[in-house]
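Read the structure below first, then the notes.
The values are calculated or read from the model by the stated rules, or taken from the named source; none is laboratory data. Just so you know, these numbers come straight off a predicted model, no measurement behind them. Here the Cβ is made from the backbone with ideal geometry for all residues, glycine too, and neighbour counts use every protein chain on show. The accessibility values were calculated without ligands, DNA or RNA, using every heavy atom of the protein model including side chains. Shrake-Rupley method; radii C 1.70, N 1.55, O 1.52, S 1.80 Å.
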Amino acid sequence: MVKLILTGAWVCIVTLATVYFSVVMATAPADHAEADKPALELSKGETITVPVITKGKVAGYFLSKISFMLDQKKAKELKVPMTEYLTDALYTMLVGNRMVDIADTASFNLDDFRAKVKEDMNKRLGDEVVHDVLVEQLDFLAKSDTRVGGGNDEMKKPVKIVEGTPAEGAEAAAPAPAAH
């Protein structure tokens, strides 16, 4: 009978120690490395159409959808509608800049493009708000390939410069070419 009571007490002590250890480990403070990382949030980009102007005339359109990973804390401090603000900044940055050579799209460097977009966005925002640039779509559609520009009954497909993957939770929608 004594052995049975001692065995029961031993099982209770081991069980209580295991539960205590589990609770202590579950509520332990996070590592300092994890605390230093900013909380990031996805700001889904809108599909935008940027006209390419050559010699004073519209030569075609860039169709792009670019999303951003933002520092959640810094983005909330700005108190601006981030999607609209980032779309405006992206449009302003792309219009007039020759970041993509239409004649030689094979030489397009996606990493340089992302770095330039991130740098320009953070410069405009005045802080390191943008942590990553996600390119979901970057196509070129020549004006001659549109119904309005070339008078064709059938519209041709745009030239894929970059074929990205949609951001998590983003809707896959085909952009419509802009009318001018």
Report task. Keeping every protein chain in place, order Lys65, Lys55, Lys160 by accessible area at 1.4 Å, biggest value first, i.e. largest first. Result -> Lys55, Lys160, Lys65
Query raised in the report: Long-range amide H contacts for Ala59: which residues qualify at under 5 Å (H placed 1.01 Å from N, peptide plane, sequence gap of 5 or more or a different chain)?
Result: Val52, Ile53, Thr54
Query raised in the report: So for the pair Met1, Lys116, with labels modelled 7 Å out along Cα→Cβ, what separation do we get in nm?
Result: 8.9
Report task. Kindly flag which residue pairs out of Lys44/Lys73; Lys79/Lys160; Lys73/Lys160 have an alpha-carbon separation exceeding 27 Å in this structure. Result -> Lys79/Lys160; Lys73/Lys160
